[in-house]
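Structure first, commentary second.
The values are calculated or read from the model by the stated rules, or taken from the named source; none is laboratory data. Keep in mind it's a predicted model, so treat the numbers as computed, not measured. With ideal geometry, Cβ positions are generated from the backbone for all residues, glycine too; neighbour counts draw on all protein chains shown.
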Amino acid sequence: MTGRIVSIALDSPLDTEFDYRWTPASAGAPEPRPGQLALVPFGRREVVGLVTAVGDASDYDASKLRDIIDVREQLAPLPADWIALCRFAADYYQRPLGEVMLPCLPKGLRTAPTVALDRALKKRAGLSGATGKAAARKGKAATDTADLAPPAAVPGLPAPAAPPKLNAGQQAAVDAIVAAEGFAAHLLFGVTGSGKTEVYLHAAQAVIAREQASGRQAQVLILVPEINLTPQLEGSVRARFPHLKVVTLHSQLAEGERLRNWIAAHLGDAAIVLGTRLSVLAAMPQLKLIVVDEEHDPSYKQQEGLRYSARDLAIWRARQQDIPVVLGSATPSIESWHHASNGRYRRLDLTQRAAAHAQLPRVGLIDMEVNKAPDGLSPPLVAALRARLERGEQSLLFLNRRGYAPVMHCDACGWISNCRRCTAFMVLHKPERRLRCHHCSLELRIPHACPTCGNVDLQPMGRGTQRVEEHLQVLFPQARVLRIDADSTRKKGSAQAAFDSVHRGEVDILLGTQMVAKGHDFQRLTLVGVINPDTALFSQDYRAGERLFAQLMQVAGRAGRAAVAEGSAQRSEVLVQTRYPQHPLYRALLAHDYPGFAQATLAERRSAGLPPFVYQALLRAEAKQLQAALDFLQAARDLMPVDGIVINDPVPMTVTRVAGVERAQLLVESSSRAQLQAFLRPWTAALRQQKSRLRWSLEVDPVDI
Ligand code: ADP
Ligand code: ZN
Ligand code: ZN
C-alpha cells in the first residue's frame, strides 16, 4: 500500500485533471478528500488546486507521481454538487474543469500562503463567539464587519419602511413560487414599478420560514446585473432581514471581504447572498431559492474566459437542487419568453404599477424629419424640459454614447480621427482635451490642426453626452445638470454619490448612458427624453432590436414611479426623438406592448433560422495578420464535417482590428443543442491538439455576433 492517488483540478489550459500522490508519511496531513483545496508542485511552481477524486494507489505506478505538499484542512470541502455544477459548466462551455473551478474562488483560497484564509476563518470564529456572548461585545463586533452592522439606511435614500401589503398580483406570484414543489422556473413578467422586489423578498421570507419551521436552514441566492448601479435593492434586503446574515458577492469587493463573504456562503452562515453573475458559482450548501433580477440584462453573460450565462447556470443549478428559480423582468429575454410560451417556464404577470395611483408614463415620438435639432434637442423636447424645470420636477435624458463627439473631421481634406491601432474612430472628449479610442484606450491630445492638410478648423461630428451637457447648460443656465456615464464616474464611489444627489433632489436634469437606465427608483422624475436611438434599428447584430426595446422600456420605466394622490399630478412622459416613428419597435413601445414585440421578434427569428430556434457556437481567432486568423478558422472548418452541423464561412469581425490585432470568427449552428454539444467536444479537443500559436476562443450561445 503506497498511499493514494489524488486527482486535482488546476487552473491550467490543459484539459485534464492532474494526478498526485499522498502517503501517510508525505505530508503528515490526514488523507485528502474530494472538494478540498491542496497545494501541489506544478512545473517549478507551487499552486493550489481542487481535489476531485481520491483513489487507490496499488494498481498504479505511483512512484512517478509527485507528492501533495499540503491540504487546506481548515476549510470544509466543497460539496459534490458544487463540483458537479462546475463540471457541467466546463463541459457545456468547452473549458477545462480547473479553469472553471479555480478562477471562481476568491484569491485568498488560491494562493500558496494561507494567511488570508486563516485570518478570515479566525474572524468568523471570533464573531460567532461575540454573538453568543450577546450584548457585551456587540458594539465591537458591529464595527468589525459590515455584515453584522445594523441595517442602516443607505445614505441619501428614504429610510426603510415596513413591508407594504402585497397587491393581488404580487400575492399570487409569491404563492405560486412558494407552492412549487421541487424544481420550477418562474418568469416574473412585471411592468417597471410593479413591485417585483417585494415578490422576491416575500418569497425569500416564506421559503426561509418554512425551512426553519422544519428545523432546517435555508439559503437564498439573489442575482443582480450590477450591484453598484442598484444599491436600493441591497438596502431593502438588509432592512427586511435584519436578523439574518446577508452578504454580497461581486468583483469590486476588497479581497478580504470577498473571501469572508464567500466563506459565509460556503459554510451556510449567510442566509441571503446578493451577487452579480459570478455568485452563481458560489458554494451554498442550503440553497433553497434562486432569484435572477432583470434576467434579460446582458451583464449576466461573462465575456471572457469561461463565457457563461449566469441566468442559464442558475436554471441548471435550480434543477440540480430541485428548487424554484424566479426570473424577473419587465422585458424578458426573447429566450425566456419563448420558454414561457411553450410551457417550460411558468409565467407570473404583474400588470400594474404597485405604488398607489402610480401610472406608466405616456410615450410620445418626436419625428426628427419634421423637427430640426441642430444641437440634438428638438423644440418639443426642449419645451418639455422647460415645463419640468418650472414645476420643480426632474428630467432624465438618455443618450447611449459617451464622449463629446464620436469622431473629429476635417472639412477641407476629409481627414477623420481613425484610431491607428483599431478599425474604429477616436472619440472626442472635450473636457479632458483628448481623443480616446473606446476599443484600445489609446489617448491623444486633440490636434491643433488637421494632421494631413494643416486646416485649423477641425469639426466634431455627431454627439455624445458631453456635447448635450454643454448644450443644456447654454439652454438652461439656471438648471442643475448632472451627467452620469463611464467617464464621469471613474472614481470609486462616484457613481453612488451622483445617484444619491439625484435622490436628494439636487439635480434638475440627469443626463446619461445606459448607466442611468437601470433599476433606480427616482421619485421626482416625470420626464424621460431619449436622444437618437435609431442606429440600433439597422445594426447587423440580430439582437440589437431586442436590446434597444429593453433599454427604452427600462429608461422609460424611470418616470412616474412615485405614489401620487389620485388625479393630482400630471401623468409623466417619455419622449423619443426618432426619424422612423412608424417603425414597429416604436409602435410597440408606444403601447407598452412587450408581448407584442416579443411575439413579432420570435416570428422573425423563426423564419430567419436564428436563436432560440437554432443553437450556436462561435469560434474566434486573433492574429497579427487577418489572413492568418482566417486560415486558422478555415482549417478548423475543414477539420471534421458532421451531419446536422452547419459551419459557416470564416469572416472578419465587425470591428476587425483592436490594438493592432486582427480578429475573425466562424459561426457553428445546429437545430439540436445535443448535436451541437456532441460536435463541439471532439472539435475543441482537436483544436487544442493542433497547438497553434494563434489565440482562439470558443463561445457557446454567443450573444454578440
Ligand atoms: P420593479 O422592480 O418591478 O420595477 P419595484 O420593486 O422597484 O418595482 O417597486 C416599485 C415601487 O412600488 C417601490 O417604490 C415599492 O416600494 C413600491 N411597492 C411595491 N409593492 C408595493 C405594494 N404592494 N404597495 C405599495 N407600494 C408598493
Ligand atoms: Zn485636413
Ligand atoms: Zn484603438
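Structural remarks
- Boolean, V427 is within 16 Å of ligand 2 (Cβ to nearest atom) and either touching a strand residue (DSSP E or B) at 6+ places or on another chain (Cβ under 6 Å) or within 20 Å of R463 (Cβ to Cβ) (or both): no
- Filter result for S251 (touching a helix residue (DSSP H, G or I) at 6+ places or on another chain (Cβ under 9 Å), within 30 Å of L117 (Cα to Cα) and either free of Cβ contacts under 8 Å to residues at least 12 places away in the same chain or hydroxyl-bearing (S, T, Y) (or both)): yes
- Members of the stretch 390-404 found to be assigned to a strand (DSSP E or B), away from ligand 1 (no atom under 16 Å from the Cβ) and more than 14 Å from Q514 (Cβ to Cβ), listed by number: S395
- All positions within the stretch 49-103 that are of a type in the set (D, E, K, R) and either in contact with a His (Cβ under 6 Å, 6 or more places away or on another chain) or assigned to a loop (DSSP other than H, G, I, E, B) (or both): D59, D61, R66, R72, E73, R95
- Within the stretch 357-374, residues that are under 20 Å from A588 (Cα atoms) sit with their Cβ atoms under 6 Å from residues that are of a type in the set (K, R) and away from ligand 2 (no atom under 16 Å from the Cβ), at 6+ positions apart or across chains, in these pairs: Q359/R571; R362/R571; M368/R579.
- From the options L585, L575, L590, residue that is modelled with pLDDT of 90 or more and over 23 Å from I334 (Cα atoms): L575
- The listed residue being of a type in the set (S, T, N, Q) and under 26 Å from E257 (Cα atoms), out of Q94, Q74: Q74
- Exactly one residue out of V407, V456 is within 24 Å of T654 (Cβ to Cβ) and either of a type in the set (S, T, N, Q) or more than 16 Å from ligand 1 (Cβ to nearest atom) (or both): that is V407.
- Entry remark, the stretch 387-413: residues being more than 34 Å from the chain's Cα centre (by Cα), under 23 Å from F522 (Cα atoms) and surrounded by 14 or more Cβ atoms within 10 Å (Cβ to Cβ) number 2 in total.
- Single residue of D500, D485 found to be within 19 Å of I531 (Cβ to Cβ) and either within 16 Å of ligand 1 (Cβ to nearest atom) or among the acidic types (D, E) (or both): D485
- Unmet requirement for A412, which otherwise passes all of (1) within 16 Å of ligand 2 (Cβ to nearest atom); (2) under 30 Å from V507 (Cβ atoms): (2)
- Flag if S378 is over 20 Å from R558 (Cα atoms), polar (S, T, N, Q), away from ligand 3 (no atom under 14 Å from the Cβ) and in contact (Cβ under 8 Å) with a residue 40 or more places away in the chain: yes
- Screening the stretch 410-431 for residues that are charged (D, E, K, R) and away from ligand 3 (no atom under 16 Å from the Cβ) and picking the one that is nearest to P652 (Cα to Cα) gives D411.
- Some residue of the stretch 294-317 being more than 20 Å from E226 (Cα to Cα), outside any strand (DSSP E or B) and either charged (D, E, K, R) or in contact with a Ser or Thr (Cβ under 8 Å, 6 or more places away or on another chain) (or both): yes
- Complete set of residues in the stretch 318-369 that are assigned to a helix (DSSP H, G or I) and β-branched (V, I, T): I334
- Test for Q232: is it within 16 Å of ligand 1 (Cβ to nearest atom) and surrounded by fewer than 19 Cβ atoms within 10 Å (Cβ to Cβ): yes
- Filter result for S501 (closer than 27 Å to L381 by Cβ, within 29 Å of the chain's Cα centre (by Cα), more than 16 Å from ligand 2 (Cβ to nearest atom) and polar (S, T, N, Q)): yes
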